[in-house]
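Visitor: Structure in structure tokens, see below.
Rule-based calculations on the coordinates, nothing more; no lab input. Predicted, not measured: the structure shown is a model, and the values here were computed from it. We place every Cβ from the backbone using ideal geometry, glycine too, and count neighbours over all the protein chains shown.
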Amino acid sequence: MKLKLEKPLAFFDLETTGVNVSCDRIVQIGILKIYPDETLEQYNQLINPGIPIPEETSAIHGITDADVADKPSFKEIGAELVKMLAGCDLGGYNSNKFDIPLLMEEFLRNEIDFDISDKHLIDVQNIFHKMEKRTLRGAYKFYTGAVMENAHDAMADTEATFQVFLAQIARYEGIEYNSEEENSLTPIKNDIPALAEYSTMRKTADFAGRIAYNEEGVEVFNFGKHKGKPVIDVLEAEPSYLDWMKKGDFPKYTIKVLEQIWNKNRRQ
């Protein structure tokens, strides 16, 4: 199956200290970079998270504090990650909900500039759940007919995700699906922008889903006492609300998006 790529596509997977995007850390990242000429490049790195890895988490992915004691911190490898992912679209399994938000938190936490605004984001799990509804292990067996080995190893999961993605395109290309936005039937395409659109479960301005879009395409709060209200209206009437969020347990990327909305509308 040959992908139609106009620029590199980087599939990646994270192993972490836990599942809280705001406070957990990365302990391993595996990247499989696919170039338009079908050349493949791999990057696999253990990372010292700077905090203890809970025993229950180590029991899942097998990475312990001892394994990462002499490994570089995220800050130390941040520049090479930016270089590896520069000019790439991104793909993963459950990546829109977990891996990408957590990766962005790490970049922001370490004050490393990584712009994701021009990247198409492929979430293989979302395509899978819309079409078949399975886990990664189940998806791999369903699409490839093989049994997945070394689950919960970042590189193994990354390679399995890419193989599932290729099999999905081969299976679904040309098959029509209901498009709620267009109120019509639209076929699956071997096209990264179209697949990124299809693999997005919901359209929000931030990864955590705290900021949504209303029917007019205006950013609105998606939680709390201001749910449904335009962000700019709330911040103009209650500037302290943004300060309250900055002090709370909100993802740094959500705060960044709010600041961008505020600065954009102030310039206008």
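Visitor: Hey, which of these cross-link pairs are over 22 Å Cα-Cα: 7/203; 2/119; 4/33; 130/252; 227/252; 141/203?
Guide: Beyond 22 Å between Cα atoms: 7/203; 130/252; 141/203.
Visitor: Here's something else I'd like to know. Could you rank the peptides 193-202, 57-66 by their average count of other C-beta atoms within 10 Å per residue, with the highest value first?
Guide: Peptide ranking by packing, descending: 193-202, 57-66.
Visitor: With θ taken as phi - 60° and the coefficients 6.51, -1.76 and 1.60, list the Karplus ³J(HN,Hα) couplings across the range 18-24 in order, rounded to whole Hz; mark glycine and proline as x.
Guide: My calculation for the range 18-24 gives x, 10, 8, 4, 6, 10, 7 Hz in order.
Visitor: In addition: List the residues of the range 236-255 whose backbone N lies under 11 Å from a point placed 7 Å from the Cα of residue 265 along the Cα-to-Cβ direction.
Guide: 236-239
Visitor: What per residue convex hull volume, in Å³, do the alpha-carbon atoms of the range 1-100 yield?
Guide: Per-residue hull volume (Cα only) is 113 Å³.
Visitor: Same structure again: Can you classify the range 144-263 as rounded, prolate or oblate using the Cα gyration tensor, where a ≥ b ≥ c are the square roots of its eigenvalues, rounded means a/c under 1.5, and otherwise it's prolate if a/b beats b/c and oblate if not?
Guide: oblate
Visitor: Sticking with the crude label model, points 7 Å out along Cα→Cβ, report the distance from residue 156 to residue 194 in nm, one decimal please.
Guide: That separation, rounded to one decimal, is 3.5 nm.
Visitor: In terms of modelled amide H atoms, which long-range or inter-chain residues lie less than 5 Å from the amide H of residue 177?
Guide: For residue 177, the qualifying residues are 186, 188.
Visitor: Let me ask something additional. Note down the nm distance, to one decimal, between modelled labels 7 Å out along Cα→Cβ at residue 238 and at residue 111.
Guide: 3.2
Visitor: Hey, what do the phi angles of the range 42-49 turn into as Karplus ³J(HN,Hα) couplings, whole Hz, using 6.51/-1.76/1.60 and θ = phi - 60°, x for Gly and Pro?
Guide: My calculation for the range 42-49 gives 10, 9, 9, 9, 7, 10, 7, x Hz in order.
Visitor: Roughly how far apart, in whole Å, are the Cα centres of the range 1-26 and the range 199-268?
Guide: One Cα centre to the other: 24 Å.
Visitor: Starting from the amide H of residue 16, placed 1.01 Å from N in the peptide plane, find each other amide H under 5 Å away whose residue is 5 or more places distant or on another chain.
Guide: Those qualifying (amide H under 5 Å, at least 5 residues apart or on another chain) are 27.
Visitor: Further, regarding this structure: Using a Förster distance of 25 Å, how high is the FRET efficiency between residue 186 and residue 141, based on the Cβ-Cβ distance and rounded to 0.05?
Guide: Efficiency computed from Cβ-Cβ geometry: 0.35.
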